[in-house]
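Asks: Structure incoming, see below.
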Amino acid sequence: MSEDFSKLLHEWVFNPDTMMVRIVDGDDGRRKIQLRVDLGVLQMEMDGRPDGLRPEGCESWLEYHRRLQRKHDEAHPDSASYLLGDQDCAELWREGVQYYHRYLSFWHLQMYDLSARDTRRNLELFAFVRAHATDERHKMQFDQWRPYVIMMNTRAVATPLVKQEKYAEGLQAIDLGIDAIRDFFDEYGQGSRADESVELVSLERWREEIITHEERAAAARPKSAIRILRQKLEAAVAAEKFEEAARLRDEIRRWTDEK
């Protein structure tokens, strides 16, 4: 088998104006995600670490360090916290970028539950680094992306709810995301600058759009219901079903009086 994959790249031509992602069947029988980038293709596993590796026998470096942290805390309950060094943070950073590519791919494939899973995972990564990194620069390297990942997680959670017209649940998820972004700025003493956040503005605009859409839909429902009832009334009269016609007239009158 040739190691040159020019044929694949020529068949799947890169378009810089759109995100190009697809799911393919792997030679191992498992589905893979492929993301077309400028100079090639990124291929990722659907589950576990995107590159399929298991560092130190664990699902990810994050899980590996979580295990070490738990063992450390059990063995030294009164000592200093478990600490992450430079190399640890470098490995965790590269791993987080892999999950970033995958949750964006899931988002564009409208696989919202999996996008929510991976964004939630990276938020857990940021929290772990904040708690255990020895260098403040490492903490900020990760945590500066928290508002963006909160926004993506919120959209991944709320979008299917809104599509199912579960507006109350969708708005609740959006409100949680908005509050989480504001909390981020408050933690860094920048609460007054929260409204400058692109991610916060995006969620707040989306929230208003949903509320407006829901209000218009609610206003339109009585009109639609009355139109359907009148059509049924005409059919009942034509079929000389006068009792049914009388019942439908009463129902139309109730709708009209309520409106």
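Each reported figure results from applying straightforward, stated rules to the coordinates on display, with no laboratory input. It should be emphasised that the depicted structure is a prediction, and the values quoted were computed from it without experimental measurement. Cβ sites come from the backbone with ideal geometry, for glycine too, and all protein chains shown count toward neighbours.
Asks: Find out how many positive minus negative residues lie around GLN87, taking Lys and Arg as positive, Asp and Glu as negative, among other residues whose Cβ is under 13 Å from that of GLN87.
Replies: Spelling it out: positives minus negatives among the neighbours equals -4.
Asks: Looking at the P(r) of the range 16-98, how many percent of alpha-carbon pairs lie beyond 17 Å? Intermediate results must be reported in sequence, preceding the final value.
Replies: Numbers: 2058 of 3403 pairs.
Of the Cα pairs, 60 percent sit more than 17 Å apart.
Asks: Continuing with the same structure: Shape of the chain from its Cα gyration tensor (a ≥ b ≥ c, root eigenvalues): rounded if a/c is under 1.5, otherwise prolate when a/b > b/c, or oblate?
Replies: Judged from the Cα gyration tensor, the chain comes out prolate (a/c at least 1.5, a/b above b/c).
Asks: Compare GLU95, GLU199, GLU124 in a GNM of the chain, Cα atoms joined below 10 Å, and give the one with the largest fluctuation.
Replies: Result: GLU124 has the largest fluctuation of those listed.
Asks: With the crude spin-label approximation of a point 7 Å out along Cα→Cβ, what separation in nm comes out for ARG193 versus MET140?
Replies: The modelled label-to-label distance comes out at 1.0 nm.
Asks: So what is the relative contact order of the chain, in percent, for Cα pairs below 8 Å that sit 6 or more residues apart?
Replies: Values: 242 pairs, mean separation 24.9, N = 259.
Once normalised by length, the contact order is 10 percent.
Asks: From the backbone phi of the range 129-143, what are the Karplus-calculated ³J(HN,Hα) couplings (6.51 cos²θ - 1.76 cosθ + 1.60, θ = phi - 60°) in whole Hz, Gly and Pro given as x?
Replies: Whole-Hz 3J(HN,Hα) from phi for the range 129-143: 5, 4, 7, 10, 5, 7, 10, 4, 5, 5, 4, 6, 4, 7, 6.
Asks: What nm value, rounded to one decimal, do you get for the distance between GLU11 and ASP186 when each label is placed 7 Å out toward the C-beta?
Replies: For the pair GLU11/ASP186, the computed spacing is 5.4 nm.
Asks: So what are the ³J(HN,Hα) numbers for the range 146-155, from phi and the Karplus equation (6.51, -1.76, 1.60; θ = phi - 60°), rounded to whole Hz, Gly and Pro as x?
Replies: 4, x, 5, 5, 4, 4, 5, 5, 4, 5
Asks: Return the single residue from GLU169, GLU214, GLU240 with maximal mean-square fluctuation; model: Gaussian network over the chain, springs between Cα atoms under 10 Å.
Replies: GLU240
Asks: All other residues with a Cβ under 12 Å from the Cβ of LEU42 taken together, and with Lys, Arg as +1 and Asp, Glu as -1, what is their net charge? All intermediate terms of the calculation are to be shown ahead of the outcome.
Replies: Numbers: positive: ARG22, LYS32, ARG36, ARG102; negative: ASP38, GLU45, ASP51.
Value of the local net charge: +1.
Asks: Let me ask something additional. Given R₀ = 51 Å, FRET efficiency for ARG247-SER2 by Cβ-Cβ distance, to 0.05? Mind showing how you got there, number by number?
Replies: Numbers: r = 75 Å, r/R0 = 1.46.
It comes to 0.10.
Asks: Hey, what number do you get for the chain at 222 nm if only DSSP H runs of n ≥ 4 count, each worth -39500 (n - 2.57), divided across all residues, to the nearest 500?
Replies: Working: 9 runs with 170 residues, N = 259.
Per the formula, -22500 deg cm²/dmol.
Asks: Which of the aspartates and glutamates could be linked to LYS32 by a straight reach, that is with a Cα gap under 16 Å, when you skip same-chain ones fewer than 8 residues away?
Replies: Correct list for LYS32: GLU45, ASP47, ASP51, ASP118.
Asks: Quote the FRET efficiency, to the nearest 0.05, computed for ALA80 versus GLU165 with a Förster distance R0 of 51 Å and r equal to the Cβ-Cβ distance. Before the final figure, lay out the partial values.
Replies: Working: r = 51 Å, r/R0 = 1.01.
Taking R0 as 51 Å, the efficiency between ALA80 and GLU165 is 0.50.
Asks: With Cβ to Cβ distances under 10 Å as the rule, what net charge do the other residues near ARG22 carry (K, R +1; D, E -1)? Can you show the working numbers first?
Replies: Working: positive: LYS32, ARG36; negative: none.
Net local charge, ARG22 excluded: +2.
Asks: With label points built 7 Å along Cα→Cβ from the Cα atoms of LEU53 and ASP38, find their separation and express it in nm.
Replies: 2.4 nm
Asks: Under a 5 Å amide H to amide H cut-off, with H placed in plane at 1.01 Å, what residues pair with LEU84 once short-range neighbours are removed?
Replies: Correct list: ALA133, THR134.
Asks: Using a ≥ b ≥ c from the Cα gyration tensor of the range 98-212 (square roots of the eigenvalues), is it rounded, prolate or oblate, where a/c under 1.5 gives rounded and otherwise the larger of a/b and b/c decides, a/b for prolate? Show your work: numbers first, answer last.
Replies: Details: a/c = 2.49, a/b = 1.35, b/c = 1.85.
Here the range 98-212 falls in the oblate category.
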